[in-house]
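A short worksheet on the structure shown next.
The values are calculated or read from the model by the stated rules, or taken from the named source; none is laboratory data. Note that the coordinates shown come from a computational prediction; the quantities given were computed from them, not determined experimentally. No Cβ is skipped: glycine too gets one built from the backbone with ideal geometry, and neighbour counts run over all protein chains shown. All accessible areas refer to the heavy atoms of the entire protein, side chains included, with ligands and DNA or RNA removed. Shrake-Rupley method; radii C 1.70, N 1.55, O 1.52, S 1.80 Å.
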Amino acid sequence: MGLTEWAYSLSESLLSDPLPRRWEHSLGVAKRARSLRPILGDDAELLEAAAVLHDIGYSPAIATTGFHPLDGARFLRAQEGADERVVRLVAHHSCALLEAKERGLEAELGSEFDLERADLVDALLYCDMTTTPDGTQTTPAERLDEIVQRYGPDTIVGRFIQRAAPEIHAASGRIEGRLAKVSGSDQPM
């Protein structure tokens, strides 16, 4: 079984029944990852696998700390023996260190899981922050607004996402710039 086939199967087994909307979101994030193939090269499969797995830590079957990036990454490492790069991307997806700080888990996350390459961290953040909870495409600004509305501005998630907004917009801009260069290179001179 290949990396992405395994990742889809595992994510579906953990999310589709208990959290169908989270499963739809994960499928949408993975679809978005596939759209980045032109800029990912040999890392396209890796990113798609991390994209479909990024929210497995929400699954009641594996949630232990209540912080889904940490729970998901720990499960992938300890129970699945997953590719370490996938584990690191799941652990640090979408500015997870900022949320970990808000939850008092920054030292745990930072000491247990190294950061993956910045361009891949940007790519996964972009995929997550341009996908609605139902798996459809959106803009980072609309996604940030949706998150604040859903959780509330004064909650852990609300505070974290507002602090993360500048980096989310910056990472999205970096990815969109890379995509524009690739699509522009296909244009005749």
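Within 24 Å of LYS181 (Cα to Cα) and either open to solvent by 70 Å² or more (accessible area, probe 1.4 Å) or in contact (Cβ under 8 Å) with a residue 60 or more places away in the chain (or both), is that true of LEU47? Yes: the conditions hold for LEU47. When the range 17-38 is limited to residues that are within 12 Å of ASP134 (Cβ to Cβ) and charged (D, E, K, R), the one that is surrounded by the fewest Cβ atoms within 10 Å (Cβ to Cβ) turns out to be ARG21. Within the range 81-92, the set of residues being closer than 13 Å to LEU46 by Cβ and open to solvent by less than 10 Å² (accessible area, probe 1.4 Å) comprises VAL86, VAL87, LEU89, VAL90. Checked against (1) open to solvent by 30 Å² or more (accessible area, probe 1.4 Å); (2) over 25 Å from PRO140 (Cα atoms), LEU76 meets all criteria but (1).
Scan the range 145-165 for residues that are assigned to a helix (DSSP H, G or I), in contact with a Gly (Cβ under 9 Å, 6 or more places away or on another chain) and open to solvent by less than 20 Å² (accessible area, probe 1.4 Å) and report the count. Here the count works out to 2. Answer yes or no as to whether LYS101 is open to solvent by 90 Å² or more (accessible area, probe 1.4 Å), of a type outside the set (A, V, I, L, M) and within 17 Å of HIS68 (Cβ to Cβ). So LYS101 passes the test. Selection of the range 116-144 for residues being surrounded by 14 or more Cβ atoms within 10 Å (Cβ to Cβ), without any contact (Cβ under 8 Å) to a residue 60 or more places away in the chain and not hydroxyl-bearing (Ser, Thr, Tyr) yields GLU116, ASP119, VAL121, ASP122, LEU125, MET129, PRO140, ARG143, LEU144.
Consider ARG174 carefully, then state whether it is at pLDDT 95 or above, within 21 Å of ARG103 (Cβ to Cβ), open to solvent by 70 Å² or more (accessible area, probe 1.4 Å) and not aliphatic (A, V, I, L, M). Taking the combined requirement at face value, the residue does not satisfy it.
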